[in-house]
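S.K.: What follows is a structure written as C-alpha cells; I'll ask about it next.
Rule-based calculations on the coordinates, nothing more; no lab input. Everything numeric in this text was worked out from a predicted model, so none of it was measured. Here the Cβ is made from the backbone with ideal geometry for all residues, glycine too, and neighbour counts use every protein chain on show.
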Amino acid sequence: MRNLTRFGAAFVVATSVYGAAGVALAADPIKIGSILSVTGPASFLGEPEKKTLEMYVERINKDGGVQGRKVELVVYDDGGAGEKATTFTKRLIESDKVDILIGGTTTGTTMAAVPLAERGQTPFISLAGGVNIVEPVKKWVFKTPHTDRMAAEKVFSDMKKKGLTKIALISEDAGFGKSGHDQSLAVAKNFGIEIVADEVYSPKDPDVTAQLTKIKNAAGVQAVFNFGFGQGPAIVTKNFKQLGMSVPLYQSHGVASKDYIKLAGDASEGVRLPASGLVVPDQLGATDPQKPVVTAFKKDYETAFKSDVSTFAGHAYDGLQIALAAVLRAGSTDKAKVRDEIEKTSGYVGTGGLVSMSATDHMGLSPSAFHMVEIRKGDWLLSD
Amino acid sequence: MFAAFLQYLFSGLTSGAIYALAGLGFAIIYNSSHVINFAQGEFIMIGGMATATMVAAGLPLPLAIALSMLASMMVGVALEKFAIEPARNSDVVTIIIITIGASIFLRGAAQILWDKEFHSLPAFSGETPIGVFGATLMPQSLWVFGVSGAVIVALWWFFNRTMFGKAMLGTSHNRLAAQLVGVGVKKVLLASFALSALLGAVGGVVVTPITFTNYEAGIMLGLKGFSAAVLGGLGNGGGAIVGGLIVGIAEALASGYLSSAYKDAIAFIIILFVLFFMPNGLFGKRGTDRV
Amino acid sequence: MLAVVITVAPLGFSNSYYYDVAVNAMFNAIVCVGLNLLIGYAGQISLGHAGFFALGAYGSALLTASWGLPPIAAMLISATVVGLLAFVVGRPILKLKGHYLAMATLGIGIIIHIVLKTEAKITGGPDGMSVDNFSLLGFTVMGDRMWYWVVGILLILTVWLALNLIDSPVGRALRAVHGSEVGAEVVGVDTSSYKVLVFVVSAVFASMVGSLFAHKNGFITPDIGSFMHSVELVVMVVLGGMASVFGALIGAVILTLLPQFLAVVEQYEAMILGAIMMGTMIFLPKGLLPSIVSAFKRREGGQ
Amino acid sequence: MSLLKVESLSKEFGGVHAIENLTFSVEPGDIHSIIGPNGAGKTTLFNLITGVYTPSAGRVLFQDRLVSGMKPYELAALGMSRTFQNLQIFFNMKAIENVMVGHHLHLDRRFLSSLLRLPKMRRADHECRDFCAGLMEFVGLAKYLDADAASMPYGALKRLEIARALAAKPRMLLLDEPAAGLNATESREIDEVIKKVASTGVTVVLVEHDMKMVMGISDYITALDYGRKLAEGTPAEVRANPEVVAAYLGAHA
C-alpha cells in the first residue's frame, strides 16, 4: 500500500521564487531538478534534504541569484522506488529541461537515474551513500555523502585501535543496510577483522532479540556493528541492552541524528559511530576549517525548521553549493562546462568535510571527513 | 541452549502479541460485517502517534491515552459512516479497495497532521529487563500480553454476556434474522468499527514503547494483523491471537535457527501450508454452501 | 478505436517524457487486461501478481546478462518458468476462497519479493540491477518513441486476444466459475482446472510485461515485486471496472497518469489519491467504465 | 436395466445422518419423484448423486458404472445434469450465455482455439447460440434471449436453469423443486416443460413439494423421511401408504 501513497507521489515543489511578480528577468533561471524520497521508508532522509534545498534556493534568490540569474528548483518525490525515480528523472531532463540534477536520496533511486543522466548528458550530484555510484567513475555522476565503505573503514580502524578483531554484523535487509553490510564484508580483512556472526532484520521488525541472542552465543564476539537507518538501529540498541550484552556496540553514519538518541534512550549510552563534523560543531578544534561552515548550517537549519539538524540535510546543502559554484565558474549553464567545473571542485569546505574532486574521484572526500563520536549522556562526544 | 531457545520464544511472543492485537481488530469487524478492513493498521498508528505527540506536548499519559482512544474511535466511526455504509452491498473486492483507499488517506493525513519522524513513548514500567532462566523479557512485553489477554476476556464478555454484543454476533450469522429481532444492522456495523478502532488505539499505545511509531507504522501492522487473522480463521478472535503468536514465534525461531533473512518468508510458508490443509484457517468455521 | 487512440495520442506528446509515461501506462494496461481475466471474469483475487511481474523482469535481466541469451528467448523462458510456477502453486491455493485466497496469493508475492531482495549475489539485492536493451534479429528497440509503437501494438494484440477469449467456450466457462462454481460443475465445467488456467495465463501476461519493462527501463529493483505493486495492479482493475477489458485498460491508464497530475498538490497527494479511490468505489461500485456505461444505458432506456 | 442405482447410501454431518442406508433405482425414461417432508434429506440425496457431496457409506451406480466419489463435472460428462433448489445462476452473464455454458461439453474447449477464435470456432459458437436459443424457447423463455440473467424474475430463472441443464444433453436430469416459489400458472407451465423433456427420452428425477404436480406427472415415487426410505411405488401406491400420510401429517408411528 505504501507504494500507492507514493505512487508517483510527486511533489512538484513550486519553490521557484521569481523576484517581484511580473518583473521580467534579465536571464533565464538556473534550473535545478531534484528527485528525492520525500515519502516512503527513506522519507526522514528525503524530507530534510528537500527542506534544505528549498530554504537555500529561496535565500540565494533573495540575495539576487547567481550571476543575476534566479535559481529555480523542481522537486519530485520518488517515494524511494527506483522505477518512479526513472520516470521523474526523465521528466526533469526532457520536460522540465533542468540544467543540473541533485538528488537520489537512496543508492537504489540514484542508480535508477544514472543511465538517464548519462544519456541526457546532464550533471547529476547524488545524495546517496553507495560506493557503486562513483566507482567506477561515470562521466556525469557525482556524489556528496561519505560512502558506506568509508563508514565501515572508519569503524573498523577504530575497532583495530581498541584491539577488537572478532566482531558480529547485524544489518537491515533494505538498501542502505544491505549495501553497508556488503562493503563491511569486503573491507573487514584489510583491518585484520574477522566477522564471526552475520545477522539481518527487516526494517519494520518489532523485536530483534532473536538475532542478537545468536550473536551473543557466537564464540568470541568482541564487538557488534549495526548497519541500518530509521527505527531499526534504535530497536537493535534497546534489545542489545535488554540482553545485557556488554561488548561495544557500533552504529553506522545512518543514525547520526538526534532522533536516534531520542528513540533508543538510555540504551544508546556508549554507542560509537562515524559521523561528519556537523553533529558536533562545538567540539571541533578552533582551527578546523569545517567549524564555521557546520556551525552556520546547523544554526540556519534549526532556526528555520525548529528541529535538530541531520547530516542528510547537509548532503543536500553541499550538493547545491557545489553545483552553483560550478555554474558560477563556468559562467553559463552549458551542461558540459558545468560538468567539467564540478569535476574541478577543489578545496570546497562542506558539511561533510573537505571536497576535492578529480577525473578519477567524483566524490572528493577524504577518510578524515569522518569523525568517530560516542554517545554520552544523550549527546554526541567527539572521540578521535 | 535452553536459554537461547527461551530468548527466541520471548522474542517471538513479543512480536506475536503485537501481531495478535492487530489481528483482533480484523476479527471484530469481520465478525459483524464480513468486511476486511485494511485500514486497521492505521487505527493502531493513530493511537500511537496521537498519544506520543500529546505526551511530548506535556499531557499526562492516561489523559493522552484516553484522548487518543476517543480520536481513533471517531475516525473508525467516520470511516464506517461515510465509506463503508454507503457501499455495504458492494462486492468484497470493492470494499477491500475502499478500505485500502482509506488507509492511504489516513496515512496522508497523519503525515500532514504530524510529521515523518519516528516517535516513542516511555515504557510503562521502566526498562529493567526481567530475567527468566537466563533469557530476558522487557516489562513492556508483559504489558502487551496483559492487554491482549484483557481484551480477549473483555470481548468474550461483551459478545456472550451483553445484549448488544450478542446482537452483533447474531448479525454476522444472519442479517435478516438479526433485523427480525430488532437489531439495527447499521448500528452494529458502526459499533464494530468503533470497537476495533478503539482496540487499535489501545494496541498502538502499548506497542509504541517497543516498536516506535511513525505515519507508515500501520502498513506492517496491518499486513501482519491480516495474516494473523486469516491464519487463525476469519471472524474468530481467539484464532487471531493464536495466529499472531504463531507468526511471531515462527519468525523468531526461524531467525534463531535457520536464517534471519528468510524469517518472513518462512512465516508465510507456514501460513500457506496451514491454508492448504485447512482452507478456513486454524479455527475458522467450515462453510458448507447450501445448494 | 483503441488503435486510433494509440495512433493519434502522440500528436500531443511534446517530448520523450510523455512517451515514457504512455509506455508505462500501456505496460500496466496489458498486465491489467490479463489480471482482469482472473479477477473480473473468473472472480478470483490475487494480491501477488507483482511477484510474477518481477520474476519476468529478473528472469530476462539475468538470462540476457549472465547467459547471453537473446532477449526474446529470455522473455519466453522466463514466462514459461513463471507459468509453471503459477501452475504448481495455483493448484492448491485456488481451492481457497475470498480473503483466504487473497492471503495465500499475497504470501506467494511476498516470498518472491524476499528472495529477489535477499539473493543479492544474483539479483543485486535491494539496490537493483541494470538490464540491456531489447533486440530481436539484430533490430534493437531503443528510445521512448520506438517503445511506444511496439508496446502499442502489443496492447492492441492483447485486447484483441482478451476479447476473443471472453466470448468463447473457455471464456464463458471462466465467467461461469465466477457466477456459481457448483452451477458450472454440474454442466461439465472442470472449475478447478479453469481457475488454474486463468491464473497461469494472467501470471504469464505479467511475466512477459515484466520482461519488457526491464529492458525498457534499463534498471530494476526488487520493489517491482512488492506487495504494494500487487495492490496497485488490483486497484487499477477494480477502479477501471471488473469484467470489462476496456475498463481494466482505462483503470491502468488513469492510475498511471494520476500521480503525474497530482504532482502539484505536494503533501496532500496521498490524501487525494485515497479519497479518489474511496469515492470512485462508493459512487461507482462496479468501476468507472461499467458504471458509466450502465448509466448511459439507463438514460437511453428512460427516454 | 436401471439407469441409476443407489445402494445402501449414507451421509453423516457431524454425527447426524442426513441419509441413512438408502437403496432405490431409477428406470430409464421415467419421471421419478423423490418426496418427503422438509429435512427428509432430498437435497442431500441430490448432492450425493451428482457428486457435490461424497457419501459416508454406500455407492451410486450410473449406467452400471460406479460413480460415487466422482466430481460433478465428470458426472456431467457421463450424462447427468441438474438444477438447484437455491438458484445457481451465473448472474454475471446474459441469459443465453448461461445456457451456452450448459453446452460446454459439446464444444471445442481448447485454450488456443478460444484465444484466437478461428473461423471454425466462430461457426461452432454460432451454432451453439442457435441451439441454446431453441432450448430457451422450449422452456418458454423466448423473450429473455438477450436479457442479463440478473434482471430476470424468479420464475424465469427457474426455467433458465432447466434450459442450461438441458443444453448439456443429459441422459438423466435431476430437478430440485422446480416449482417452488412459483404461482399456479407458472407451476403448470413447468409441469408441461417436464413432460416435454421426458417425452424426448430424458430420464427425469424430481424433488418437489407440489403434490398435485408430483402425483400428476410421476411414473414412480420414492418417499423419504429422516434420510430413510419410507415407501416407494406408483403414485397411487404411495398415496395410499399410511406411513407416508403420517409423515406428512407429522404423526409418526
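S.K.: Please sort through the DSSP H helices of chain B and keep those with an alpha-carbon extent of at least 30 Å along the long axis and a Kyte-Doolittle average not below -1.0.
M.R.: The qualifying helices are B:2-33, B:92-113, B:139-161, B:185-211.
S.K.: Over all directions, how big on average is the projection of the convex hull of the alpha-carbon atoms in the stretch D:1-136, in square nanometres?
M.R.: 10.7 nm²
S.K.: If I take the Cα coordinates of the stretch B:2-277 and project them onto the principal axes, what are the three extents in Å, biggest first?
M.R.: 59, 51, 34
S.K.: Angle between the Cα long axis of helix A:311-330 and the longest principal axis of chain A, 0 to 90 degrees, nearest 10?
M.R.: Computed tilt is about 30 degrees.
S.K.: Where does chain A land at 222 nm, in deg cm²/dmol rounded to the nearest 500, when only DSSP H runs of n ≥ 4 count, each adding -39500 (n - 2.57), divided by all residues?
M.R.: Taken over chain A, the calculation gives -12000 deg cm²/dmol.
S.K.: In addition: When ranked by the protection proxy of mean other Cβ atoms within 10 Å per residue, highest first, what sequence do the peptides A:217-230, C:224-237 form?
M.R.: With the highest mean Cβ count within 10 Å placed first, the list reads C:224-237, A:217-230.
S.K.: Here is a further query. Whole-Hz ³J(HN,Hα) for each residue in the stretch A:91-102, computed from phi via Karplus 6.51 cos²θ - 1.76 cosθ + 1.60 with θ = phi - 60°, x for glycine and proline: what do you get?
M.R.: Once rounded to whole Hz, the list reads 4, 5, 6, 7, 9, 7, 6, 6, 8, 9, 9, 10.
S.K.: Debye calculation, C-alpha points only, no solvent: report log10 I(q)/I(0) for the stretch A:148-275 at q = 0.11, 0.23 Å⁻¹, in the same order as the q values.
M.R.: Treating every Cα as an identical point scatterer, log10 I(q)/I(0) equals -0.30, -1.56.
S.K.: Sticking with this structure for a sec: Roughly how tilted is helix A:232-242, in degrees to the nearest 10 and between 0 and 90, from the longest Cα axis of chain A?
M.R.: Result, in degrees: 20.
S.K.: Over what distance in Å are the Cα centres of the stretch D:200-234 and the stretch C:1-50 separated?
M.R.: First find each Cα centre; the distance between them is then 56 Å.
S.K.: Oh, and also: Taking the convex hull of the Cα atoms, report for chain A its projected area averaged over all directions, in nm².
M.R.: So the mean shadow area of the Cα hull is 18.4 nm².
S.K.: A further question follows. Roughly how compact is the stretch D:85-230, stated as its Cα Rg over 2.2 N^0.38 Å to two decimals?
M.R.: So the Cα radius of gyration is 1.15 times the expected 2.2 N^0.38 Å.
S.K.: Can you give the FRET efficiency to the nearest 0.05 for D:Tyr248 and A:Asn217, using r as the Cβ-Cβ distance and R₀ = 51 Å?
M.R.: In this case the efficiency is close to 0.10.
S.K.: Take the stretch C:196-261, compute every pairwise Cα distance, and split them into 5 Å bins from 0; I just need the percent in each bin.
M.R.: Percent of pairs per bin, in order: 4, 15, 17, 29, 24, 9, 2, 0.
S.K.: May I pose another question? Quick one: helix A:175-188 against the long Cα principal axis of chain A, what's the angle to the nearest 10°, folded into 0 to 90?
M.R.: The answer is roughly 60 degrees.
S.K.: If you take the Cα Rg of the stretch C:58-159 and divide it by 2.2 N^0.38 Å, with N the number of residues, what do you get?
M.R.: 1.32
S.K.: Assuming 0.36 nm per residue, please report the length gained on full extension of the stretch C:Ile122 to C:Ser291 beyond their Cα-Cα distance.
M.R.: Contour length minus Cα-Cα distance gives 56.2 nm.
S.K.: Once R0 is set to 30 Å, what does the formula 1/(1 + (r/R0)^6) return for the Cβ-Cβ distance between D:Thr23 and B:Met278, expressed as a FRET efficiency to the nearest 0.05?
M.R.: FRET efficiency, D:Thr23 to B:Met278: 0.30.
S.K.: Go ahead and run the numbers for FRET between B:Ile152 and B:Val92, Cβ-Cβ distance against an R0 of 25 Å, rounding to 0.05.
M.R.: It comes out at approximately 0.40.
S.K.: Report the far tail of the P(r) of the protein assembly as shown, meaning the percent of Cα-Cα pairs longer than 63 Å.
M.R.: Every Cα pair in the protein assembly as shown considered, those over 63 Å come to 17 percent.
S.K.: Once the Cα gyration tensor of the stretch C:17-302 is found, what semi-axes does its equivalent ellipsoid get, as square roots of 5 times the eigenvalues, in whole Å, sorted largest first?
M.R.: Gyration-tensor ellipsoid for the stretch C:17-302: 29, 24, 19 Å.
S.K.: Let me ask something else about it. Please sort through the DSSP H helices of chain C and keep those with an alpha-carbon extent of at least 24 Å along the long axis and a Kyte-Doolittle average not below 0.0.
M.R.: In chain C, the long hydrophobic H runs are C:16-36, C:49-66, C:71-93, C:98-118, C:143-166, C:191-217, C:245-262.
S.K.: Also, quick follow-up: Kindly provide the pair-distance distribution of chain D built from C-alpha pairs, with 5 Å bins from 0 and whole-percent values in order of increasing distance.
M.R.: 1, 6, 13, 17, 18, 16, 12, 8, 4, 2, 1, 0, 0, 0
S.K.: Further question on the same structure: Over all alpha-carbon pairs of the stretch A:87-160, lay out the pair-distance distribution in 5 Å bins, whole %, shortest bin first.
M.R.: It works out to 4, 17, 27, 21, 12, 8, 5, 4, 2, 1, 0, in whole percents.
S.K.: Here is a further query. Hey, could you pull the Cα Rg and Dmax for the stretch C:114-253, both in Å?
M.R.: According to the Cα coordinates of the stretch C:114-253, Rg and Dmax are 18.2, 53 Å.
S.K.: When each pair of different Cα atoms in the stretch A:260-382 is counted once in the 1/r mean, what is the Kirkwood radius in angstroms, to one decimal?
M.R.: Computed over the stretch A:260-382, the radius equals 15.8 Å.
S.K.: Please report Rg (one decimal) and Dmax (integer) in Å for the Cα set of the stretch C:1-140.
M.R.: Reported Rg and Dmax, both Å: 17.6, 50.
S.K.: Could you list log10 I(q)/I(0) for the stretch C:243-303 at q = 0.27 Å⁻¹, which the Debye formula gives when each Cα is one point scatterer?
M.R.: Taking Cα atoms of the stretch C:243-303 as identical point scatterers yields -1.12.
S.K.: What is the set of long-range amide H partners of A:Thr345 at a cut-off below 5 Å, with H atoms built 1.01 Å from backbone N?
M.R.: A:Met357
S.K.: Report D for the stretch B:1-110 in µm² per second (integer): Stokes-Einstein, Kirkwood Rh on Cα pairs, 25 °C, 0.890 mPa s.
M.R.: Diffusion coefficient, whole number: 156 µm²/s.
S.K.: Evaluate the relative contact order of chain B (contact order divided by residue number), counting alpha-carbon pairs under 8 angstrom at least 6 apart; express in whole percent.
M.R.: Relative contact order, chain B: 37 percent.
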